[in-house]
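A quick write-up on the structure given underneath.
The values are calculated or read from the model by the stated rules, or taken from the named source; none is laboratory data. None of the values given here were measured: they were computed from a predicted structure. Here the Cβ is made from the backbone with ideal geometry for all residues, glycine too, and neighbour counts use every protein chain on show. Keep in mind that these areas ignore ligands, DNA and RNA; they rest on the heavy atoms of the full protein, side chains included. Shrake-Rupley method; radii C 1.70, N 1.55, O 1.52, S 1.80 Å.
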Amino acid sequence: ISAAKKIGRHGIRDAAIILLMFRHGLRTAELVALKWSQVDLSEGYIEIHRVKHGHDSIHPLRAPELRALRQIQREYPETQYVFVSERKAPLSTRSIRHLVARAGLLAGLAAPVHPHQLRHACGYYLAAKGHDTRAIQDYLGHKNIHHTVRYTQMSPQRFESFWKD
């Protein structure tokens with residue numbers, strides 16, 4: 001996120017893209033389709049419309065996301081899409097892939113980075129924090145829990161609270 005802030009003329013927008021993709025487990029197609037009508041800045045909620053026949057949901061927005069979205073709204077007024085180009089057109093999935101890869105390089109990450117890794121990072125983070133698998137399933141919009149269990153299978157911390165000596 002901090003690397004994305006330093007790239008080019010749209011650092012605030014690009015950092016917000018990475019923040020929202022990670023915190024809400026957004027796929028690239030879900031991000032580029034995000035409209036201001038789905039965002040309630042006064043109440044602090046965002047409607048997530050999932051692709052791939054996933055379940056839609058409403059997620060809370062935390063302070064860092066609210067600040068970033070308010071700033072984007074000020075910098076890119078009068079657009080129906082949240083993330084737009086200089087020409088006020090929605091960003092393409094290709095431009096998101098490029099932006100995330102470029103931020104990964106600048107951040108000094110050893111392996112190439114792609115946007116879907118942010119979705120996986122969200123799932124692994126929530127599992128590591130001990131959240132219920134069904135809750136993670138709903139949060140990520142998975143229809144089938146088999147797509148969600150990958151995140152909890154890799155987390156040995158989930159057993160740590162089983163026994164209190």
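Listed by chain and number, the lysines placed with their C-alpha closer than 23 angstrom to that of K6 are K88; residues fewer than eight positions away on the same chain are left out.
Listed by chain and number, the aspartates and glutamates whose alpha-carbon sits under 17 Å from that of K52, ignoring those within fewer than 8 places in the same chain, are E30, D138. One decimal place: the segment E86-R150 gains 19.2 nm when fully extended, by the rule 0.36 nm per residue minus the C-alpha distance. For K129, the lysines whose Cα falls under 25 Å of its own Cα, not counting residues fewer than eight places away in the same chain, are K143, K164.
For the chain, set up a Gaussian network in which alpha carbons nearer than 10 Å are linked by springs, and say which option among R87, R27, R134 fluctuates the most. The residue that fluctuates most here is R87.
The distance between label points at T93 and I1 comes to 2.6 nm (points 7 Å beyond Cα on the Cα→Cβ vector). Between K129 and A63, the simple label model (points 7 Å from Cα in the Cβ direction) yields a spacing of 1.5 nm. Placing R0 at 30 angstrom, the Cβ-Cβ distance between E160 and H120 gives a FRET efficiency of 0.85 after rounding to 0.05. For the chain, carbon and sulfur atoms together expose 53% of the accessible surface, with a 1.4 angstrom probe and every protein chain in place. Placing a pseudo-label 7 Å from each Cα along the Cα-to-Cβ vector at A101 and K52 gives an inter-label distance of 2.0 nm.
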